[in-house]
Amino acid sequence: MENDKYIGRLLDGRYEILEPIGFGGMAVVYKARCHRLNRLVAVKILKDELSKDEEFRNRFHAESQAVAMLSHPNIMSVYDVSTHDDADYIVMELIDGITLKQYMEKKGTLNWKETLHFAMQIAKALEHAHGRGIVHRDIKPHNVMVLKNGSAKVTDFGIARLMSQSNTLTKEALGSVHYISPEQAKGGRVDNRSDLYSLGVVMYEMMTGRAPYDGDSPVAVAIQHINGGAVMPSVLNPNIPGGLEQIIMKCMATDPDQRYSSATALLYDLEELRKNPEILFPFGSGDALDEVLKVYPGNRARQPQPRNTAERVAGVRTEHGSTAANRTAAAAQTAQQPRARQQTQEPAHHQKQHHDDRTGNRRKAVTTTVVICSSVAVIAIIIFLVMLFNGGMLGNNNTLVPVPQLLGQVYEELDASRYPTLEIVLADYDYSSDVPVGVIMKQSPEHEEMVALNSKVKVWVSMGPEQDELNPQLDRLSGRPREDAERYISAFNLLPLIQEEHSETVAEGLVIRVEPAEPDKPLEEGDTILVYVSLGREVKTARVPDGLVGEKYTDAVTILRNNGFEKVSPMEEASLEEKDTVTRISVTPGSEIDVTSEIIVYYSSGEIIESMPYVIGMSEEEARQKLNEKKFNHIEIQEEYHDEVAAGKVSNVSIAAGVRVDVTTTIILTLSKGPKPTEPPATTAPTQPPLPSVAPEVTKNIVIALPSDRTAEYNLSIEFEEEMVVNVDLPPDTATYEFELTGRGSGEYSIYIDGVLLRTEKVNFDA
């Protein structure tokens, strides 16, 4: 582009525009060099026609500044938001990778492990953003970048919010409308669950190779999202795990209240699926997932941290929203593709989804609703932003507090709880010949300056003296989470390369050691650093030997330990077998199990075990004699009234006949005292008028028709009056199912297939 007016320009005396790398509906993305930090970045410049719209510019800057506060390894970082002459722009990290859409087009249908891999990373990004009050509103494969190391980053948070406020659904919106939530399509209220719906659609497409809905126009696709009824993923891909299909369809529920309440809840189920691919979730029985999350061990780490909490050096949010990981020198083409190009990149084999053939009036009504409600949404969001950035929603007040002395403190060890009235924000790292590495070298506002309650105090942290040779303290990373190591290494413009290996001492996901790829060579920017991350202890298995039952327990213990089993525990139990003889073991002989698994070897105590005789109806003397013959000599007597057993006879025994027990066990015999004496007649109560008759309950035999398009076993559940009356697994060729309902009058029952409502039908018990 020889006539591009931005090529070669220096924005704000800092960002040199090098070349265009992407074109979008509202902006052009350029590769640029930041001369202040000497790194390559991506600069997104607002198109001229939008820059002339003052209201849009204000929203653009407000949204971008809000998004700049996000700092997460799965979110593309925003470094700066500014205006230079006639250019409104944002500065972002430059990512070496391709979009998830391009990745899907190359690979076709993804397997469930890949789908889970990307879905979890996107969900983690949404969890971080939602915890800070930011909803993306345009989650789609085009807005997810896949890096060369396989990780994913969600892009265009702020841009997506602005684009979503368009008051029409045009052809340009087709790329997004395939992933739009029903409430967005109707112009209704949008919250975090809208992003989860879109993520569900993305997962659907990854597993099936197509979007759940398609049509000739954006409005037609939007109507399908509103009406629901997508083909189950298993119909298109029978290899999808049942639990994953459940998760996808829960995310894609038309009613937001039927979706996951949060990205954290979704991550919990995705993690459970990762650990057990055969898992099925009880979504149809009340969904107590949020209650489970209250005690889920991994949930604590996922919760948003207080605004005034100082984060660790690795991965801390900077003033412009950057993280240490953003200080990379990697340079590649990463900009979003033109919207028109995105449209053509939709898979050619997409098929139209079946939907109800609504009347022309219905179609017009929906279109009008989308237009009107979207306009209302624009106004609402503008009001929200005005309130937000004028302090109306941030709880600002006129209270002034003094700024503490932060200079000289080690930032990594900074205790933010000491400063509850202020927010400590890492502005940047910088070199210093006077201040040691990791120590705060500058702060703004300065010590003892009076500022408003909850104000930000920016700090700059020393990287030590600038050297020709890089000297990061890599040994400090051992035992830290992988993400911390990646961020720290990237802060020195070095490239972390993850190597996974087993460790007996380091927990899974933590760094074992870190070392340069070329240890004998002085480090330079761009060099590769090997980060060895623990896979946890390597599982070693061994076969449980046969023939241990009947052996002496000491011999059995020795055999098991010689076979590599580390935890073998003998346990005594009563048995008719010879004393010290193995009666059973706690694991299945011949099975292959972890050598660290505990194996209990049960052996006979040599105690006498006898079967309890039948003594009901006998006299006390007869019963005692019968028990004494079996060597049961510990006998106790108690009495009770009994209408059927004669007085003096045994009416009950503490241990049932036939049960084998130790002869030293105490046996309690209950003797009958005969029928209970008759009580004197009670005073006759005054006659009351008869109660109105109530129609008796009626049992109806009901036969329902089942779907004919099932290709695998599925679960059928039926609820009546908020109670589950049917819960069975059926083969795919089942045409009908017969069951009974009992009630009076009339009612409704609901039919669910794999936890998804199929239909609701009425029943009349009086007919």
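Numbers for the structure displayed
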item: Residues with amide H under 5 Å from that of residue 98, placed H, sequence gap 5 or more; result: 146
item: Candidate lysines - alpha carbon under 24 Å from residue 630, same-chain residues fewer than 8 apart omitted; result: 579, 649
item: ³J(HN,Hα) computed for each position of region 113-130 - Karplus, 6.51 cos²θ - 1.76 cosθ + 1.60, integer Hz, glycine/proline x; result: 5, 5, 4, 5, 4, 6, 4, 5, 5, 5, 4, 5, 4, 5, 4, 5, 5, 4
item: Kirkwood hydrodynamic radius over Cα pairs of region 474-534, then Stokes diffusion coefficient at 20 °C and 1.002 mPa s, in µm²/s; result: 187
item: Neighbour-limited loop hits for trypsin sites (Lys or Arg not before Pro), region 660-767 (at most 12 other Cβ within 10 Å; DSSP other than H, G, I, E, B); result: 744
item: Bridge type composition, region 541-604 - antiparallel percent by DSSP, nearest 5; result: 50
item: 28 Å Cα-Cα reach of residue 456 towards lysines, excluding residues that sit fewer than 8 places from it in its own chain; result: 44, 124, 153, 442
item: Reciprocal of mean inverse Cα separation for region 586-682 (Kirkwood radius, Å); result: 16.4
item: Modelled FRET efficiency - R0 60 Å, residue 584 with residue 191, Cβ distances, 0.05 increments; result: 0.60
item: Linear extension gain, residue 748 paired with residue 631, 0.36 nm per residue minus alpha-carbon span; result: 35.9 nm
item: GluC sites (Glu not before Pro) within region 489-532, DSSP loop, no more than 14 other Cβ atoms inside 10 Å; result: 504, 508, 524, 525
item: Lysines with Cα under 18 Å of residue 186, excluding same-chain neighbours fewer than 8 positions away; result: 171, 364
item: Flagged links, alpha-carbon separation over 18 Å, of 107/275; 106/148; 5/47; result: 107/275
item: Cut-off under 5 Å, modelled amide H: who pairs with residue 612 long-range; result: 658, 659, 660, 661
item: Residues 565, 720, sorted so that the one with the fewest Cβ neighbours within 10 Å comes first; result: 720, 565
item: Backbone N within region 608-650 under 15 Å of label point (7 Å from residue 666 Cα along the Cβ vector); result: 633-639
item: Debye intensity ratio in log₁₀ form over the Cα atoms of region 10-93, taken at each q of 0.18, 0.20, 0.26, 0.27 Å⁻¹; result: -0.76, -0.94, -1.43, -1.48
item: Percent of beta bridges antiparallel (DSSP, region 609-672, rounded to nearest 5); result: 55
item: Ascending count of other beta-carbon atoms within 10 Å, so fewest first, for 463, 252; result: 463, 252
item: Nonlocal amide H pairs with residue 549, under 5 Å, H built at 1.01 Å; result: none
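Readers should treat all values here as calculations from the given coordinates under stated rules, not as data from a laboratory. Source: prediction; values computed, not measured. Cβ coordinates were reconstructed from backbone atoms using ideal geometry, including for glycine residues, and neighbour counts include every protein chain displayed.
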